[in-house]
Amino acid sequence: MAKPTFYLTTPIYYPSGNMHIGHTYTTVAADTMIRFKKQTGYDTYFLTGTDEHGQKIERKAQQAGVTPQQFVDKIVAETKDLWKLMNIEYDDFIRTTEDRHVKIVQKIFKQFYDQGDIYKSEYEGQYCAECEAFWTPTQLKDGNLCPDCGRPTEKAHEESYFFRMSKYQDWMIKYIEDHPDFIQPPSRANEMLNNFLRPGLQDLCVSRTSFKWGVPVDFDPGHVVYVWIDALSNYITALGYGTDHDELFKKYWPADVHLVGKEIVRFHTIYWPIMLHALGLPMPKQVFGHGWLLFGNDKMSKSKGNVVYPGPIVKRYGVDALRYYLMREMPFGADGNYTNEAMLTRMNADLVNDLGNLVSRTVAMIEKYFDGVVPEPGALEGPDLDLKATFEALPGIVEDQMNKLQFSIALSEIWKLIGECNKYIDLTQPWVLGKSEEGRPRLRTVMYVLAECIRAIAVYIQPTMPSTPARIYAQLGVGDDALKTWDSVKVFGQLKPGTVVKKGEALFPRVDIKKELEAMAAEAEKAEKKAEKADKKAEKKEEKQPAEPGVASFDDFMKIKLVAAKVIACERVPKSDKLLKETLDIGGGKTKTVCSGIAKYYAPEDMVGKTVVLVNNFAPRKMAGQVSEGMLLCAEDPDGSLRLLTVDGDVAPGSEIG
Ligand code: MSP
């Protein structure tokens, strides 16, 4: 029988800067969910990517002195490296600048236009380039601030295309009301209904003419498709929708879950469903709006200077520790604070003490009492049966919580089993049982029960902490893949007695929190300085490299030596009606002779005394039999007449210009 499918997406991220721990949070959650679904028998598809168009990116590229494409290429490469570091296993990474996406967006836009969903009019209102969002005056905060990010909005007045969102308003309200699972958590559904839909849905401005970095509207040059229409389409263009190779689309659409941050739920639960409805396509099954990782009370953002990047944390404590912390610390859906201290505290408590100790104590005891061989258990009694009951109830509980994307609850349930195992050791006191022959039968059972529970724990943590299970299996001597599956944890007692365990390194190193915090702060400072230095270096480099053909770099400009020169003599060049020959004082007691094609516009006597602009480092060349040692700068009128550039006021001949 074919496996059921499960299609999950992350938002596609703006490559306007490097991805931080907030973006990592969404992506890790998606990866965890996908791994869980894979584990529980689904044929999964995991899409992520980058949202590369729009005014914000265009401006960032301009500031950096590179083309928008060069700008995003660099960040996309770094983003892919980061996802690798975080052990993210996506099936596809879509970039909105790819041809496969652009072509279909144009097709979709045209279809909307042809079927009357889009019409042309004038837009006048406020635009937030940071969020790429339009706002009406009543939605703005404190005058002209964006209600989402709090930054000042800009007036936009342009000829635009509009999507008739208003036409679909009633349909949309009814859809949300009839599908209570569509928007999760449910509070976000109420917010959409009460704040956006019921007050009346405005038609949406869906094209821009004030900048170029977007998908061109192919039937109306000058317009680019509004970045959200472009971006949302990624969820289907990546699957080949609208092409003749749309097998993935047929197989995986509609998406099972669009995972998004709470600030973009609106785009995913109003505009996107309406777009799909207009295309005659089925709705995604669920949009889950998760909360923000805060820093203090603020959303983490580069412009606020409170950004935490995952790289250094992973380097110090390993990727699984960070993944665990992100999934465990706050309920999925709610906001939560990120602090290094909380992360380290959790690591010491949950990973080092609870999980790490359980594994190392158990393996050490099996080595000590049974020469490293997992013993055959006797009949289970009291505490063994309690633990077995917890063991056998857990798959249902974890599956239920994971299917609701309640990662932190699922993990806390798994940690309950770990906690019970540790209590079980305290209760059964293996060190006492090991002292006498009478204790041996009980000891055998206790060791077996613990080893079996640890095997299951390794299976449970796999989606969240993909690289730790292999290390546990190695210590436990579990080689058989059948003992690493989801099905294998449903029934207690799969581990084979006789398995040989082998003590290994501690799973997680215990950290001295105070020392670590100091070290991390010092590292952050160092990284900041390094980044500043790199920025400066990049600036210099960008100056050296022309951004594109026809664009001069600063270095190009600096190659031309311009000086102020005083005309001390001037005459016509014989047999030329164009040329004047000037003798120039270029300072330091030197003169130069230059021929200029200005005889039609200046009489020789008018030239004497002028301080002009001379290109001083031209190789001498012959003009009408005369040697010219430079060039005077002129402005050319549209009618072709020439006017000399002169220097305002008195400057010494030879003064540098630049
Ligand atoms: N490009 C749009 C999404 C288009 S989807 C068709 C966008 N990009 S973004 O880069 O600004 O943010 C993408 C997502 O990153 C957010 O929705 C959110 O999931 C995540 N986060 C960014 N900062 C975050 C925190 N501080 N905390 C949690 N998530 C954060 O919006």
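The values are calculated or read from the model by the stated rules, or taken from the named source; none is laboratory data. Values in this document were obtained by computation on a predicted structure and should not be read as measured data. Here the Cβ positions follow ideal geometry from the backbone for every residue, glycine too, while neighbour counts run over all protein chains shown. All accessible areas refer to the heavy atoms of the entire protein, side chains included, with ligands and DNA or RNA removed. Shrake-Rupley method; radii C 1.70, N 1.55, O 1.52, S 1.80 Å.
Would you call residue 288 touching a residue at least 24 places away in the same chain (Cβ under 8 Å) and either open to solvent by 10 Å² or more (accessible area, probe 1.4 Å) or within 22 Å of the chain's Cα centre (by Cα) (or both)? Here the answer is yes, as residue 288 does meet what is asked. With a requirement of 2 or more residues that are away from the ligand (no atom under 16 Å from the Cβ) and more than 24 Å from the chain's Cα centre (by Cα), the helices (runs of 4 or more DSSP H) lying completely within segment 170-255 that satisfy it span 186-192, 247-252. Of all residues in segment 93-126, exactly one satisfies the criterion of being in contact with a Phe, Trp or Tyr (Cβ under 8 Å, 6 or more places away or on another chain), open to solvent by 20 Å² or more (accessible area, probe 1.4 Å) and more than 28 Å from residue 155 (Cβ to Cβ), namely 110.
Taken together, the criteria place residue 182 among residues that are in contact (Cβ under 8 Å) with a residue 12 or more places away in the chain, more than 17 Å from residue 225 (Cα to Cα) and in contact with a Phe, Trp or Tyr (Cβ under 9 Å, 6 or more places away or on another chain).
Listed here are the residues, each with its yes/no results for (1) open to solvent by 70 Å² or more (accessible area, probe 1.4 Å); (2) without any contact (Cβ under 8 Å) to a residue 12 or more places away in the chain; (3) within 58 Å of the chain's Cα centre (by Cα); (4) more than 20 Å from residue 569 (Cβ to Cβ).
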residue	(1), (2), (3), (4)
589	yes, yes, no, no
596	no, no, yes, no
607	no, no, no, no
616	no, no, yes, no
632	no, no, yes, no
638	yes, yes, yes, yes
643	yes, no, yes, yes
647	no, no, yes, no
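Scanning segment 379-399 for residues that are in contact with a Phe, Trp or Tyr (Cβ under 9 Å, 6 or more places away or on another chain) and either polar (S, T, N, Q) or closer than 16 Å to residue 446 by Cβ (or both) returns 380, 383, 384, 386, 387, 388, 391. Against the condition part of a strand (DSSP E or B) and open to solvent by less than 20 Å² (accessible area, probe 1.4 Å), how does residue 268 come out, does it pass? In short, no.
Yes or no: residue 36 more than 9 Å from the ligand (Cβ to nearest atom) and touching a strand residue (DSSP E or B) at 6+ places or on another chain (Cβ under 9 Å)? Judged against the criteria, residue 36 is not a match. Applying a threshold of 7 Å to beta carbon distances and a minimum spacing of six or more residues, or different chains, the list of pairs starting in segment 397-408 at a residue that is touching a residue at least 24 places away in the same chain (Cβ under 8 Å) and of a type in the set (Gly, Ala, Ser) and ending at one that is outside any helix (DSSP H, G or I) and open to solvent by 60 Å² or more (accessible area, probe 1.4 Å) reads 408/331. For residue 328, state whether it is closer than 21 Å to residue 431 by Cβ, out of contact with any Lys or Arg (no Cβ under 6 Å at 6 or more places or on another chain) and among the basic types (Lys, Arg). Spelling it out, it is not the case that residue 328 is closer than 21 Å to residue 431 by Cβ, out of contact with any Lys or Arg (no Cβ under 6 Å at 6 or more places or on another chain) and among the basic types (Lys, Arg).
Scanning segment 1-25 for residues that are more than 8 Å from the ligand (Cβ to nearest atom), open to solvent by 20 Å² or more (accessible area, probe 1.4 Å) and not in a strand (DSSP E or B) turns up 1, 2, 3, 4, 18.
Residues that are in contact with a Lys or Arg (Cβ under 8 Å, 6 or more places away or on another chain), charged (D, E, K, R) and more than 30 Å from residue 33 (Cα to Cα) do not occur anywhere in segment 136-155. For residue 349, the criteria (1) among the hydrophobic types (A, V, I, L, M, F, W, C); (2) open to solvent by 20 Å² or more (accessible area, probe 1.4 Å); (3) farther than 30 Å from residue 262 by Cβ hold in every case but one, which is (3). Taking (1) without any contact (Cβ under 8 Å) to a residue 60 or more places away in the chain; (2) surrounded by 20 or more Cβ atoms within 10 Å (Cβ to Cβ); (3) more than 26 Å from the chain's Cα centre (by Cα) in turn, residue 325 satisfies each apart from (3).
Give the residue, chosen from 517, 495, that is in a helix (DSSP H, G or I) and either at pLDDT 90 or above or buried (at least 16 other Cβ atoms within 10 Å of the Cβ) (or both).
From the options 517, 495, the qualifying one is 517.
Tallying residues that are at pLDDT below 95 and surrounded by fewer than 19 Cβ atoms within 10 Å (Cβ to Cβ) within segment 61-92 yields 3. Looking across segment 185-209, the residues that are surrounded by fewer than 13 Cβ atoms within 10 Å (Cβ to Cβ) and in contact (Cβ under 8 Å) with a residue 24 or more places away in the chain come down to 198, 200. When residue 306 is tested against the conditions (1) away from the ligand (no atom under 15 Å from the Cβ); (2) surrounded by fewer than 16 Cβ atoms within 10 Å (Cβ to Cβ); (3) of a type outside the set (Gly, Ala, Ser), the lone failure is (1).
Matching residues to (1) closer than 30 Å to residue 334 by Cβ; (2) open to solvent by 40 Å² or more (accessible area, probe 1.4 Å); (3) among the polar types (S, T, N, Q):
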{"position": "364", "(1), (2), (3)": "no, no, no"}
{"position": "370", "(1), (2), (3)": "no, no, no"}
{"position": "373", "(1), (2), (3)": "no, yes, no"}
{"position": "394", "(1), (2), (3)": "yes, no, no"}
{"position": "411", "(1), (2), (3)": "yes, no, no"}
{"position": "423", "(1), (2), (3)": "yes, yes, no"}
{"position": "440", "(1), (2), (3)": "no, yes, no"}
{"position": "452", "(1), (2), (3)": "no, no, no"}
